[in-house]
Amino acid sequence: MVTSHAAKARQVLLASAALSLILGTGFALAQEQETATDPAQDHTSQPQDVYTPELDSLATESVPAPGAPEGVEALTQAEYDEANKIYFERCAGCHGVLRNGATGKALTPDLTRELGYDYLHSFITYGSPAGMPNWGTSGDLTDEQIQIMAKYLLLDPASPPEFGMAAMRETWHVHVAPEDRPTEKMNDWDLENLFSVTLRDAGQIALIDGGSYEIKSVIDTGYAVHISRMSASGRYLMVIGRDAKVDMIDLWMEEPAVVATIKVGSEARSIETSKFEGWEDKYAIAGSYWPPQYVIMDGNTLEPLKIVSTRGMVYDDQEYHPEPRVAAILASHYRPEFIVNIKETGKIQLVDYTDLKNLKITEIETERFLHDGGLDSTHRYFITAANARNKLVVIDTKEGKLASITDTGGLTPHPGRGANIIHPTHGPVWATSHLGDDSVALIGTDPEGHADKAWQIVESFPALGGGSLFVKTHPESNHLYVDATLNPDAEISGSVAVFNVSEMVEGEDPEFTTLNLVELAGIEGGQARAVQGEFNKDGNEVWFSLWNASDQESAIVVIDDKTLEVKKVIKDERLITPTGKFNVHNTMGDVY
Ligand code: DHE
């Protein structure tokens, strides 16, 4: 069904059992934001809460139980293992691996012992108005588990193992040496229009031909595989799992396959390759959540060359942070540099890769909790969300400095790589949607032609609802697509809003067309969620994943960008939990 909508109600709260089904309960963590008010939060009460990292690879690490000081009860190793698993899956995303606090409060023993066992027990059971989930009364943890957790918090924090060069080299395997690889493309695949599709819960990616929609291959990758990025030449596809395993796939082989792998830590989310002229395919870089570091690798073999720790001072109060996670990493097109978002310290590093021995890093003070972001249409400016601070940070990658920090006016911006459109009066702008409300914000990106609007939020208007994760467009398209993946309402989470860009009018909320993709694709079981539009190479089709629970039917639906009609529904039993999609041409050239 296709319907037209005007502006809708702004705030949407999220309380969805189906969401836990898809995401796992570990997503169910409340952030203790300064803005939170009123009654104890159910841990799924807001979209941004259920999107908190679940460090479930770390949860599998065995850490010896620490001894207990006088007056504190010790845990057996079995109890300690259980507590660690619960902590990393459900608590560490907010309170930090080392319990020093992140978006949630610090839980170090000096503080917890002061509070005492009874306080901790009831705090975990009932939660708090500031955003601590009510783990007991919600039924997520049993009283026995809460007792263990209260005791666990009185002990010294577990410190999971580091992952330095020796550990990395042990996991590094070159399956096909560069000299044994083809010297030219050996298959008849249309590589530029190939899509790498994340099959999240299967730990695989599907390579799907953009012309025939045929699944050419399904390849095993890391656990809860997260994203794919292309090498600048379009030959190598890099895939990273949440378990920090990187797989490098050679698309030139007769049957594209993994030619090198490495594990770069225990928990990771980001991977990128060098793109500056003359440095194409030379290096890859992966950032981890644990340990807090990034590693630069050889672009042909994934050999780890240089590990850089991100531990250090927070940008403003200049207090030490022991575990700043690495979020988005992009390659600069203007300098031989990687742009690295460091979450907790609020710093963006521009890492010059021309001389790894004498590494030069430009460190820019920005805002805490940097997450994802992308480039403007000229590729000169990197625009990224400090999402728990409701801000967009803009970096001038040519000059190597901060251009602006702007409040989006919405709650928890989540742009993905964003979308570059040309607004009829504001000119070139970049769009982000929000997790915490239904707003879409447009920021001016043309300091030369529209100087008065540069880095200002020039428009903010409603789309379908809260819980949006990604926006998408293409230079050949006149449409802006906005999903609402984490919205509790199945009709909304299964739909996308489509805005006609050339009809946008300054100061007016634009009308949009709603495409109920789940209905259009004929998916009946579960709560399939429409997520992350991605265009084909020519920009005349947009693909959305319909992401269902792993035991339910999922699909990819292909929409004709001109007519907004369904061109194809790709259904296949191998398409288990499809989420991100990365078109080779668009990903290698940063086309969005
Ligand atoms: Fe992602 C990008 C982190 C959950 C799908 N995600 C990113 C990036 C980061 C990140 C840092 C930017 C990478 C880059 O550009 O280098 N994601 C996290 C988390 O910490 C979080 C919130 C929780 C977690 O435990 O991992 C998380 N992400 C998810 C999902 O649940 C999603 C929706 C489904 C899935 O497959 O896991 C998801 N994230 C994506 C996608 C991108 C992404 C599809 C790339 C978007 C793009 O267009 O570039």
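What the table below lists for this structure:
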| item | result |
| --- | --- |
| Answer residue from the stretch 155-193, given it is among the aliphatic types (A, V, I, L, M) and crowded, with 17+ Cβ neighbours inside 10 Å and is farthest from T587 (Cα to Cα) among those | L155 |
| Residues (away from the ligand (no atom under 12 Å from the Cβ) and in contact with a helix residue (DSSP H, G or I) (Cβ under 8 Å, 6 or more places away or on another chain)) located in the stretch 575-592 | V584, H585 |
| Out of G400, G410, G346, sole residue that is surrounded by fewer than 21 Cβ atoms within 10 Å (Cβ to Cβ) and more than 19 Å from Q532 (Cα to Cα) | G400 |
| Residues being within 14 Å of the ligand (Cβ to nearest atom) and either of a type in the set (S, T, N, Q) or under 30 Å from K453 (Cα atoms) (or both) - total across the stretch 530-548 | 7 |
| Test: V429 is surrounded by fewer than 24 Cβ atoms within 10 Å (Cβ to Cβ), under 23 Å from F382 (Cβ atoms) and in contact with a Leu (Cβ under 7 Å, 6 or more places away or on another chain) | no |
| Some residue of the stretch 248-265 being closer than 19 Å to E344 by Cα and touching a residue at least 60 places away in the same chain (Cβ under 8 Å) | yes |
| Criterion violated by T366 - all others in (1) touching a Pro at 6+ places or on another chain (Cβ under 8 Å); (2) among the polar types (S, T, N, Q); (3) buried (at least 21 other Cβ atoms within 10 Å of the Cβ) satisfied | (1) |
| Residues satisfying the stated conditions in the stretch 328-347, i.e. within 12 Å of the ligand (Cβ to nearest atom) and either small (G, A, S) or more than 21 Å from W279 (Cβ to Cβ) (or both) | A328, A331, I342, K343 |
| Residue check for A284: part of a strand (DSSP E or B), within 13 Å of the ligand (Cβ to nearest atom) and within 10 Å of Y236 (Cβ to Cβ) | yes |
| Count of residues meeting criterion [buried (at least 23 other Cβ atoms within 10 Å of the Cβ) and assigned to a helix (DSSP H, G or I)] in the stretch 494-517 | 1 |
| Which listed residue is over 18 Å from N516 (Cβ atoms) and either in contact with a Ser or Thr (Cβ under 7 Å, 6 or more places away or on another chain) or buried (at least 24 other Cβ atoms within 10 Å of the Cβ) (or both), from T485, T473 | T473 |
| Strands (runs of 3 or more DSSP E) fully within the stretch 194-246 counting 1 or more residues that are buried (at least 19 other Cβ atoms within 10 Å of the Cβ) and within 12 Å of the ligand (Cβ to nearest atom) | 194-199, 204-209, 227-230, 236-240 |
| Residue within the stretch 124-132 that is more than 28 Å from the chain's Cα centre (by Cα), in a helix (DSSP H, G or I) and over 18 Å from G96 (Cα atoms) present | yes |
| Flag if I361 is out of contact with any Ser or Thr (no Cβ under 9 Å at 6 or more places or on another chain) and part of a strand (DSSP E or B) | yes |
| Options E277, E272: the member that is among the acidic types (D, E), modelled with pLDDT of 95 or more and either buried (at least 18 other Cβ atoms within 10 Å of the Cβ) or under 28 Å from R99 (Cα atoms) (or both) | E272 |
| Unique residue being of a type in the set (S, T, N, Q) and away from the ligand (no atom under 16 Å from the Cβ) when the list is T301, T310 | T301 |
| Considering residues of the stretch 316-327 that are at pLDDT 95 or above and buried (at least 22 other Cβ atoms within 10 Å of the Cβ) only, the residue nearest to the ligand (Cβ to nearest atom) | A327 |
| Odd one out for L330, checked against (1) surrounded by 24 or more Cβ atoms within 10 Å (Cβ to Cβ); (2) in a loop (DSSP other than H, G, I, E, B) | (2) |
| Options Q552, Q527; residue that is within 16 Å of the ligand (Cβ to nearest atom), surrounded by fewer than 24 Cβ atoms within 10 Å (Cβ to Cβ), under 24 Å from the mean Cα position of the chain (by Cα) and without any contact (Cβ under 8 Å) to a residue 60 or more places away in the chain | Q552 |
| All positions within the stretch 369-426 that are assigned to a loop (DSSP other than H, G, I, E, B), within 16 Å of the ligand (Cβ to nearest atom) and closer than 22 Å to G589 by Cβ | D376, S377, H379, T397, P415, G416, R417, G418 |
| Flag if E448 is surrounded by fewer than 24 Cβ atoms within 10 Å (Cβ to Cβ), within 23 Å of D590 (Cα to Cα) and out of contact with any Lys or Arg (no Cβ under 9 Å at 6 or more places or on another chain) | yes |
| Complete set of residues in the stretch 541-592 that are among the hydrophobic types (A, V, I, L, M, F, W, C) and not in a strand (DSSP E or B) | A549, L564, L575, I576, V584, M588, V591 |
| Residues satisfying the stated conditions in the stretch 55-80, i.e. away from the ligand (no atom under 16 Å from the Cβ), in a helix (DSSP H, G or I) and either surrounded by fewer than 17 Cβ atoms within 10 Å (Cβ to Cβ) or among the small types (G, A, S) (or both) | Q77, A78 |
| Output for the stretch 455-469, where each listed residue is farther than 16 Å from G418 by Cα and aliphatic (A, V, I, L, M) | L464 |
| Any hit, the stretch 501-519, residues being touching a His at 6+ places or on another chain (Cβ under 7 Å), within 16 Å of the ligand (Cβ to nearest atom) and either at pLDDT 95 or above or within 16 Å of I421 (Cα to Cα) (or both) | no |
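The values are calculated or read from the model by the stated rules, or taken from the named source; none is laboratory data. Owing to the predicted nature of the structure, the values given are computational and were not obtained by experimental measurement. FYI the Cβ positions are ideal-geometry reconstructions off the backbone, even for glycines, and counts take in every protein chain you see.
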